[in-house]
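Structure record follows, encoded as structure tokens.
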Amino acid sequence: MTNHSDGSTPARVDWDAEAAAFDEEPDHGLRDPDVRAAWADRLRDWLADRPGDLLDLGCGTGSLSLLAAERGHRVTGVDLSPAMVEQARIKLAGRDAVFLVGDAAAPPVGEERFDTVLVRHVLWTLPDPGRALRLWRDLLRPGGRLVLVEGVWGTVSPVGIPADRLTALLAPLAGHTRVERLSDDSRLWGRAVEDERYAVVATV
């Protein structure tokens with residue numbers, strides 16, 4: 001359930017209805033070669049060099065899952081929207097990837113553990129971000145990493161989660177945390193943006 005770049009609240013969006021046109025947003029579909037390359041460059045820095053098991057929560061149509069799979073990672077994607085999941089399955093057909101319908105806050109992965117949990121524009125929508133982070137930490141193998149892409153959108157009534165709040169929530173959970181500011185990299189979004197956009201990479 002990846003959210004719109006403008007920060008629109010997911011509760012007001014029918015994500016199944018949005019699925020067919022979802023990839024038309026530059027940072028959703030990554031159809032522009034420059035945008036795709038920008039995200040690929042970031043993932044190369046954020047993910048481990050050695051291929052591992054990656055859980056993409058709120059995977060949407062699977063664009064980031066595809067970039068991870070192209071780097072050799074074994075991907076499990078989870079999204080609330082069956083239509084989004086179907087798009088992701090089509091996009092990654094033939095690759096080492098599985099997509100499940102489910103809630104990012106309680107992913108239906110049983111006892112499986114992962115080397116990386118990747119989450120983009122989802123945490124801020126959850127009623128208890130701290131609880132979700134603890135659960136996601138517990139889905140990681142020792143030495144695994146959380147890769148969280150978040151932000152704050154809008155000026156009149158801003159929505160999102162500021163980087164300092166997210167790092168404070170992670171402080172008791174992670175051994176090492178770094179923040180990368182993403183707002184000034186227009187290639188990621190297909191245009192210049194003025195919102196607070198960032199990524200946090202936390203190793204547990």
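Consider segment 157-187. How many of its residues are over 29 Å from residue 30 (Cα atoms) and of a type outside the set (A, V, I, L, M, F, W, C)? Adding up the residues that qualify gives 3. Note on segment 16-42: residues that are out of contact with any strand residue (DSSP E or B) (no Cβ under 8 Å at 6 or more places or on another chain) and modelled with pLDDT of 85 or more total 10.
Against the numbered list (1) free of Cβ contacts under 8 Å to residues at least 40 places away in the same chain; (2) more than 26 Å from residue 170 (Cα to Cα); (3) in a loop (DSSP other than H, G, I, E, B), residue 89 comes up short only at (3).
Checked against (1) assigned to a helix (DSSP H, G or I); (2) crowded, with 17+ Cβ neighbours inside 10 Å; (3) not aliphatic (A, V, I, L, M), residue 41 meets all criteria but (2). Taken across segment 77-93, residues that are of a type in the set (Val, Ile, Thr), touching a strand residue (DSSP E or B) at 6+ places or on another chain (Cβ under 8 Å) and under 21 Å from residue 14 (Cα atoms) do occur, with at least one present. Within segment 130-157, the only residue that satisfies the criterion of being touching a His at 6+ places or on another chain (Cβ under 8 Å) and β-branched (Val, Ile, Thr) is 149.
Yes/no per residue for (1) touching a Ser or Thr at 6+ places or on another chain (Cβ under 7 Å); (2) open to solvent by less than 50 Å² (accessible area, probe 1.4 Å):
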position	(1), (2)
96	no, no
105	no, yes
121	yes, yes
128	no, no
135	no, no
144	yes, yes
161	no, yes
178	no, no
187	no, no
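A single member of 136, 124 is aromatic (Phe, Trp, Tyr) and at pLDDT below 95, and it is 124. All of (1) modelled with pLDDT under 95; (2) more than 22 Å from residue 146 (Cβ to Cβ); (3) of a type outside the set (A, V, I, L, M, F, W, C) hold for residue 91 with one exception: (1). Give all pairs with beta carbons closer than 7 Å in which a residue from segment 162-191 that is under 20 Å from residue 135 (Cα atoms) meets a residue that is of a type outside the set (Val, Ile, Thr) and open to solvent by 80 Å² or more (accessible area, probe 1.4 Å); count only pairs at least 6 apart in sequence or on separate chains. Final answer for the pair search is 173/134. Candidates are the residues of segment 1-15 that are assigned to a helix (DSSP H, G or I) and in contact with a Leu (Cβ under 9 Å, 6 or more places away or on another chain); the one that is modelled with the highest pLDDT is 15. Restricted to segment 99-204, the set of strands (runs of 3 or more DSSP E) holding at least 3 residues that are among the β-branched types (Val, Ile, Thr) and touching a strand residue (DSSP E or B) at 6+ places or on another chain (Cβ under 8 Å) comprises 114-120, 140-153, 196-203.
The values are calculated or read from the model by the stated rules, or taken from the named source; none is laboratory data. What you see is a predicted model; the values in this text were computed from it and never measured. Cβ atoms come from the backbone with ideal geometry, glycine included; neighbour counts cover every protein chain shown. The protein model used for the area step is the full one, side chains on, heavy atoms only, and it has no ligands, DNA or RNA in it. Shrake-Rupley method; radii C 1.70, N 1.55, O 1.52, S 1.80 Å.
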